[in-house]
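Peer 1: I am attaching a structure below and will ask some questions about it afterwards.
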Amino acid sequence: YQPPAPERQPSVTGPADVVAAMGDIRAQDCEHVAVLYLDARSRVIDRRVVGIGGLRASVIHPRDILGHALQIPAASLVLCHNHPSGQSDPSPEDLRVTRQLAEAAKLLGLELLDHVIVAEQEFKSLRELGVAL
């Protein structure tokens, strides 16, 4: 694995940066789950789609996300997925998966910085909504 040169790595300072990096999944007609892997300076070192589901759901497992984070190695990560419905409000399942991933990441010395849900015209940051990560 060869990360991009440091001067070419975008930084992630908030949800708008995540949306900019994940813009291609906004208009997908089925759910896509992607992860931004960040270095210690919050620069993107990798971006991966880790799950593609149906119209309403995608199954992801923390091992699929965190295993790669340990290999590259990342210091932190941001989870992002789209809601093809056009509504970016988190579902109970979104909240459950976020909490599960945040706990697993902490055990491995990683930090889940945010989970951003994008729809075609809007987005929601779980961190900004006050969800404990």
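The values are calculated or read from the model by the stated rules, or taken from the named source; none is laboratory data. On a predicted model such as this, the values are computed, not experimentally measured, just so you know. Positions of Cβ are generated from backbone atoms using ideal geometry, with glycine treated the same way; all protein chains shown enter the neighbour counts. Note: accessible area is taken over every heavy atom of the protein model, side chains too, but ligands, DNA and RNA are not part of it. Shrake-Rupley method; radii C 1.70, N 1.55, O 1.52, S 1.80 Å.
Peer 1: Condition test on residue 133, is it assigned to a strand (DSSP E or B) and out of contact with any Phe, Trp or Tyr (no Cβ under 6 Å at 6 or more places or on another chain)?
Peer 2: On the way: assigned to a strand (DSSP E or B): no; out of contact with any Phe, Trp or Tyr (no Cβ under 6 Å at 6 or more places or on another chain): yes.
No.
Peer 1: Quick check on my filter: what residues within the stretch 64-96 are surrounded by 13 or more Cβ atoms within 10 Å (Cβ to Cβ), within 15 Å of residue 127 (Cα to Cα) and touching a strand residue (DSSP E or B) at 6+ places or on another chain (Cβ under 8 Å)?
Peer 2: If the condition is that a residue be surrounded by 13 or more Cβ atoms within 10 Å (Cβ to Cβ), within 15 Å of residue 127 (Cα to Cα) and touching a strand residue (DSSP E or B) at 6+ places or on another chain (Cβ under 8 Å), then 76, 77, 78, 79, 80, 81, 88, 90, 94 are the ones that fit.
Peer 1: Looking at (1) open to solvent by less than 10 Å² (accessible area, probe 1.4 Å); (2) part of a helix (DSSP H, G or I); (3) in contact (Cβ under 8 Å) with a residue 40 or more places away in the chain, which one does residue 104 not meet, given that it meets all the others?
Peer 2: Among (1) open to solvent by less than 10 Å² (accessible area, probe 1.4 Å); (2) part of a helix (DSSP H, G or I); (3) in contact (Cβ under 8 Å) with a residue 40 or more places away in the chain, the lone unmet condition for residue 104 is (1).
Peer 1: Can you name the residue in the stretch 107-122 that is surrounded by fewer than 20 Cβ atoms within 10 Å (Cβ to Cβ) and either of a type in the set (D, E, K, R) or touching a Pro at 6+ places or on another chain (Cβ under 7 Å) (or both) and, of all such residues, is nearest to residue 61 (Cα to Cα)?
Peer 2: Among those residues, the one meeting the criterion is 111.
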